[in-house]
Amino acid sequence: MQRNQHCAMAVFVPVCLFIFALSFAPAYAGNQPDRQVAITIDDLPAGDAQFMSAADITDMTSRLLTALEEEKIPAVGFVNENKVYKRNEVDQRINALGMWLDSGFELGNHTFAHTSLNQAGLKAFEEDIVRGETVTQWLLLEHKMKVRYFRHPYLDVGRDIETRREAEAFLASRGYRIAPVTVDGWDWMYARVYEDAKKRGDTQLQKQLVDSYLSYSDARFAFAEQLSKELVGYEIKQILLLHANELEADHLRELAAVIRKRGYRFITLEDALGDEAYSMPDTFVAEEGTDWLDHWAITRGRPAQGHPVFPDWVIEKDKAIPRPMVPAP
């Protein structure tokens, strides 16, 4: 789950970095940018796996993968391996992860137990990275692949620069490349309310949530486009954060339509990371994580303003959902 990602501690870097960023600006034909976006999906095999049966996870995974395939969207899914270990369901849950690779997608590491670097500390964080490799690496080897990407839980990259750099060095030593995020539609919170409404058969609330989610996502893209132009001088190759949940399984096609309407084409994460913007100086550290556009703005000592406001009514609906006890593994 993602926490509020807009509270951050600024770290000052000289204004000359702005000149460095502008050196990346390409020349476009006319005024139309070549909009590109990579899709990444966190919390595999499922965001609420502890409350789902293996059959439910398999069904959700199948619908999500079918939507990705039909929309011709490449994607990387990031795994929390602790969600595999539920009594009498381990094989089925591992098979649900294997479905991603069988369908031609890629898996990355999201730590074993969705562990925050900021909360757990460096040693525990590193241990959880290694622990989170076991099943994923085995599945990838079966497909003659290896794990390449890592995504920080909560986007927490460290409370201080020393810890951040030590964690990055550890990840690099194990062959990982960090997967940044530039667009986050907070689908995880929409999804919790959506799944509760779906269980209760509240179709009106489901529609209201989907409409709001698509509108909010559209606003997040518009904000990312404008901010990237202000920071870098051009519209970078964006990286969208989604989660494995019922909302995306049911409505990914509508989200894809919103994104395409903005002029985007879908690319691989590898292609997105080829954008030189992702090599810009980044000294962001804070109590809570945020996206990389905020990283770069805060690095320059000028935190971004005007983020789209997440709907309060969704937050209130989420707070009102009864939280069941986590079942034993």
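The values are calculated or read from the model by the stated rules, or taken from the named source; none is laboratory data. Note that the structure is predicted; figures quoted are calculated from it, not measured. All Cβ positions, glycine included, derive from the backbone under ideal geometry; neighbour counts span all protein chains shown.
Of all residues in the range 199-211 being more than 21 Å from the chain's Cα centre (by Cα) and crowded, with 17+ Cβ neighbours inside 10 Å, which is farthest from residue 75 (Cα to Cα)?
Among them, the one singled out is 208.
Scan the range 34-61 residue by residue and report those that are modelled with pLDDT of 95 or more, hydrophobic (A, V, I, L, M, F, W, C) and assigned to a helix (DSSP H, G or I).
Result: 54, 55, 57, 60.
Mind checking which residues of the range 285-324 are part of a loop (DSSP other than H, G, I, E, B), modelled with pLDDT of 95 or more and among the hydrophobic types (A, V, I, L, M, F, W, C)?
285, 286, 309, 310
Condition first: within 19 Å of residue 161 (Cβ to Cβ), buried (at least 19 other Cβ atoms within 10 Å of the Cβ) and in contact with a Lys or Arg (Cβ under 8 Å, 6 or more places away or on another chain). Can you find one or more residues in the range 244-252 that meet it? Talk me through it step by step, then tell me what you get.
Within the range 244-252, the subset within 19 Å of residue 161 (Cβ to Cβ) is none.
There is no residue in the range 244-252 that is within 19 Å of residue 161 (Cβ to Cβ), buried (at least 19 other Cβ atoms within 10 Å of the Cβ) and in contact with a Lys or Arg (Cβ under 8 Å, 6 or more places away or on another chain).
Among the residues of the range 93-102, are any of a type in the set (A, V, I, L, M, F, W, C), in contact (Cβ under 8 Å) with a residue 40 or more places away in the chain, over 20 Å from residue 179 (Cα atoms) and exposed (fewer than 15 other Cβ atoms within 10 Å of the Cβ)?
no
Looking only at the range 60-72, which residues are surrounded by fewer than 21 Cβ atoms within 10 Å (Cβ to Cβ) and in contact (Cβ under 8 Å) with a residue 60 or more places away in the chain?
63, 67, 70, 71, 72
List the number of the failed condition for residue 119; all other conditions in (1) in contact (Cβ under 8 Å) with a residue 60 or more places away in the chain; (2) in a helix (DSSP H, G or I); (3) closer than 23 Å to residue 186 by Cα hold.
(1)
Test residue 156 against the stated conditions and say whether it is crowded, with 20+ Cβ neighbours inside 10 Å and free of Cβ contacts under 8 Å to residues at least 24 places away in the same chain.
Against the criterion (crowded, with 20+ Cβ neighbours inside 10 Å and free of Cβ contacts under 8 Å to residues at least 24 places away in the same chain), residue 156 does not qualify.
If we keep just the residues of the range 265-282 that are touching a helix residue (DSSP H, G or I) at 6+ places or on another chain (Cβ under 7 Å) and either of a type outside the set (A, V, I, L, M, F, W, C) or assigned to a helix (DSSP H, G or I) (or both), which is surrounded by the fewest Cβ atoms within 10 Å (Cβ to Cβ)?
By that ranking, first place goes to 281.
Going through the range 212-234 one residue at a time, which ones are touching a Pro at 6+ places or on another chain (Cβ under 7 Å) and either crowded, with 23+ Cβ neighbours inside 10 Å or basic (Lys, Arg) (or both)?
220
Any residue at all in the range 177-195 that's surrounded by 16 or more Cβ atoms within 10 Å (Cβ to Cβ), at pLDDT 95 or above, more than 24 Å from residue 155 (Cα to Cα) and out of contact with any helix residue (DSSP H, G or I) (no Cβ under 6 Å at 6 or more places or on another chain)?
no
Mind listing whichever residues of the range 99-149 are over 17 Å from residue 82 (Cα atoms) and among the charged types (D, E, K, R)?
Across the range 99-149, the qualifying residues are 102, 106, 123, 142, 144, 146, 148.
Would you pick out the residues in the range 214-251 that are touching a residue at least 60 places away in the same chain (Cβ under 8 Å), in contact with a Leu (Cβ under 8 Å, 6 or more places away or on another chain) and either closer than 11 Å to residue 293 by Cα or part of a helix (DSSP H, G or I) (or both)?
Of everything in the range 214-251, those that are touching a residue at least 60 places away in the same chain (Cβ under 8 Å), in contact with a Leu (Cβ under 8 Å, 6 or more places away or on another chain) and either closer than 11 Å to residue 293 by Cα or part of a helix (DSSP H, G or I) (or both) turn out to be 224, 227, 228, 231, 232, 239, 247, 248, 249.
So which residues in the range 262-273 are farther than 10 Å from residue 236 by Cα and either in contact with a Pro (Cβ under 6 Å, 6 or more places away or on another chain) or of a type in the set (Gly, Ala, Ser) (or both), if there are any at all?
Within the range 262-273, 263, 268 meet the criteria.
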